[in-house]
Amino acid sequence: MVDNISWHKGKIDKKAREEKLKQKGMVIWFTGLSGSGKSTIAVEVEKLLFQKGRTVYRLDGDNIRYGLNKDLGFSPEDRTENIRRIGEVAALFADAGLITLVSFISPYKKGREHAKKAAGEDNFKEVYVKADVETCARRDPKGLYEKVQRGEIDNFTGISAPYEEPENPDLIIDTKKLTIEQSAQKVIEMINKELVD
Ligand SMILES: Nc1ncnc2c1ncn2[C@@H]1O[C@H](COP(=O)(O)OP(=O)(O)O)[C@@H](O)[C@H]1O
Ligand SMILES: [Mg+2]
């Protein structure tokens with residue numbers, strides 16, 4: 001598949017872009033069950049960073065499924081491809097010097113590892129947005145758990161499809177215990193540590 005192609009190197013590299021933007025390009029990868037709080041926290045973090053003058057962009061699971069990944073469903077193969085593509089896209093954004101916030105369920109450890117490798121280990125932080133399935137079902141921000149109860153959704157993570165918990169995440173956010181603001185603040189603190197050197 002990679003026959004007859006070769007990498008064409010540019011004259012501007014990640015470092016040069018980072019110097020221009022005065023920040024480090026990185027991927028902040030939020031993983032967790034549906035309704036755990038990934039999108040909510042990422043939106044808050046994006047706002048706070050933007051207000052501080054950072055160049056930041058958010059890639060959200062649902063949003064990406066409207067476009068780039070609209071051809072993909074929720075079978076194990078499609079979920080794997082969903083995350084493979086977004087891992088590659090996030091790596092490009094980080095290479096462009098952006099603080100890239102990625103909020104996808106990303107249930108498989110292997111997919112998250114691929115994303116980490118694509119961005120480069122030094123540019124990647126895994127954030128486990130943790131809430132048990134009962135809490136997520138009670139919140140049910142998109143009415144999905146109710147649909148699952150009615151038998152209208154197959155392959156639903158945490159119920160009829162697996163979620164592989166991160167073994168060694170850079171940050172765990174227990175959204176049952178923390179407010180949205182506190183959760184966002186923890187992520188900001190982690191990012192700020194990466195930005196001072
Ligand atoms: N600490 C918290 N962090 C994030 N969301 C929280 C928190 N506490 C309660 N919530 C609520 O949980 C829901 C999370 O929904 P959402 O962000 O769409 O989840 P996900 O993107 O993980 O599917 C929202 O209704 C949000 O208001
Ligand atoms: Mg979401």
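Quick notes on this one:
- Breaking point among (1) away from ligand 1 (no atom under 14 Å from the Cβ); (2) among the basic types (Lys, Arg); (3) under 22 Å from Thr100 (Cα atoms), for Arg150: (3)
- Of the residues making up segment 67-103, those that are under 14 Å from Lys117 (Cα atoms) and of a type in the set (A, V, I, L, M) are Ile83, Ile86, Val89, Ala90, Ala91, Leu92, Ala94.
- For Asn63, the requirement of being open to solvent by 70 Å² or more (accessible area, probe 1.4 Å), in a helix (DSSP H, G or I) and at pLDDT below 95 is met.
- Residues within segment 143-181 that are more than 18 Å from the chain's Cα centre (by Cα) and open to solvent by 90 Å² or more (accessible area, probe 1.4 Å), tallied: 8
- Selection from segment 89-119 of residues that are within 16 Å of Asn69 (Cα to Cα), without any contact (Cβ under 8 Å) to a residue 40 or more places away in the chain and either within 16 Å of ligand 1 (Cβ to nearest atom) or out of contact with any Leu (no Cβ under 9 Å at 6 or more places or on another chain) (or both): Gly111
- When Ala118, Ala94, Ala131 are checked against the criterion of being more than 12 Å from the chain's Cα centre (by Cα), open to solvent by less than 20 Å² (accessible area, probe 1.4 Å), more than 15 Å from ligand 2 (Cβ to nearest atom) and of a type in the set (Gly, Ala, Ser), a single residue qualifies: Ala94.
- Qualifying residues in segment 1-50 (those that are hydroxyl-bearing (Ser, Thr, Tyr) and outside any loop (DSSP other than H, G, I, E, B)) - the one surrounded by the fewest Cβ atoms within 10 Å (Cβ to Cβ): Thr40
- Being open to solvent by 20 Å² or more (accessible area, probe 1.4 Å), within 20 Å of Arg17 (Cβ to Cβ) and away from ligand 2 (no atom under 11 Å from the Cβ) is true of Glu88.
The values are calculated or read from the model by the stated rules, or taken from the named source; none is laboratory data. On a predicted model such as this, the values are computed, not experimentally measured, just so you know. Here the Cβ is made from the backbone with ideal geometry for all residues, glycine too, and neighbour counts use every protein chain on show. What goes into the accessible areas is simple: the full protein's heavy atoms, side chains included, and nothing from ligands, DNA or RNA. Shrake-Rupley method; radii C 1.70, N 1.55, O 1.52, S 1.80 Å.
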